[in-house]
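Quick notes on the structure that follows.
The values are calculated or read from the model by the stated rules, or taken from the named source; none is laboratory data. Because the structure is a prediction, the values reported are computed rather than measured. Reconstructed Cβ throughout: ideal geometry from the backbone, glycine too, with neighbour counts over all protein chains shown.
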Amino acid sequence: MKFDVVTFGSSFVDVYLSSKDFKVKDNLLCQSYDSKIAVDKLVITTGGGATNTAVGLERLGLQTGCVTCVGKDHWGLFVRQELRKEGVSPLYIQQVDEATSYSTILVSADGGRSALVYRGASSKLSWHKVEWDKLEPDWFYVSSLGGDLNLLTKIIRTAQLKKIKWL
């Protein structure tokens, strides 16, 4: 399949919790220990540099693929389904036994946010599992690779060899 852009990087499940009861003091989100706090709004969506960019580019009318890694769990299925709904090809999504990457984002009344992040499966993205010979997009977009310089090197070398533009 011919893509305009193939994105590389992380994919997350993001859970946003908003509450007027979240307390902010001296730029710190503070809550009473051993208590329950009412949540006013809950949003569950996908996140991560590779998936967010792929969805945005699809919405702009570009055909995208996404090289990312999810777990073989419910959340990994959720990420793949959401990407498919947006038109992003699941062709290059890797799966591992590790849990899908996950964030809980606490949103205060003033819009400030604090995130609890589990990097999980996104940190298992493997350049060995990428079918480099099949990648022929016009562009590569590279987001967070978790410090994997071997993957970054392979992306750059492939882009140079195949005359693929990248950012």
| query | Taking only pairs six or more apart or across chains, which ones have beta-carbon atoms under 6 Å, a first residue in the range 1-14 that is in contact (Cβ under 8 Å) with a residue 40 or more places away in the chain, and a second residue that is charged (D, E, K, R) and surrounded by fewer than 23 Cβ atoms within 10 Å (Cβ to Cβ)? | reply | Asp4/Asp138
| said: Against the definition (touching a helix residue (DSSP H, G or I) at 6+ places or on another chain (Cβ under 7 Å) and closer than 30 Å to Val24 by Cα), how does Ser114 come out, yes or no? | reply: no
| note | Expected output for the range 65-76 (first residue farther than 17 Å from Glu136 by Cα, partner aromatic (Phe, Trp, Tyr) and part of a helix (DSSP H, G or I), Cβ below 9 Å, 6+ apart or cross-chain) is Val70/Phe78
| request: For residues that are acidic (Asp, Glu) and at pLDDT 95 or above, tally how many sit in the range 89-125. | output: 2
| remark: If you go through Glu86, Glu131, the only one that is closer than 17 Å to Ile44 by Cα, among the acidic types (Asp, Glu) and free of Cβ contacts under 8 Å to residues at least 60 places away in the same chain is Glu86
| Which residues, counting only those in the range 74-88, are out of contact with any Asp or Glu (no Cβ under 6 Å at 6 or more places or on another chain) and either of a type in the set (Val, Ile, Thr) or at pLDDT below 95 (or both)? | Val79
| request: Kindly check whether there is at least one residue in the range 61-72 that is of a type outside the set (Lys, Arg) and assigned to a helix (DSSP H, G or I). | output: no
| note | Those residues of the range 20-54 which are among the hydroxyl-bearing types (Ser, Thr, Tyr), modelled with pLDDT of 90 or more and more than 15 Å from Ala115 (Cβ to Cβ) amount to Thr51, Thr53
| message | Which count do you get for residues in the range 102-130 that are over 20 Å from the mean Cα position of the chain (by Cα) and surrounded by fewer than 14 Cβ atoms within 10 Å (Cβ to Cβ)? | response | 4
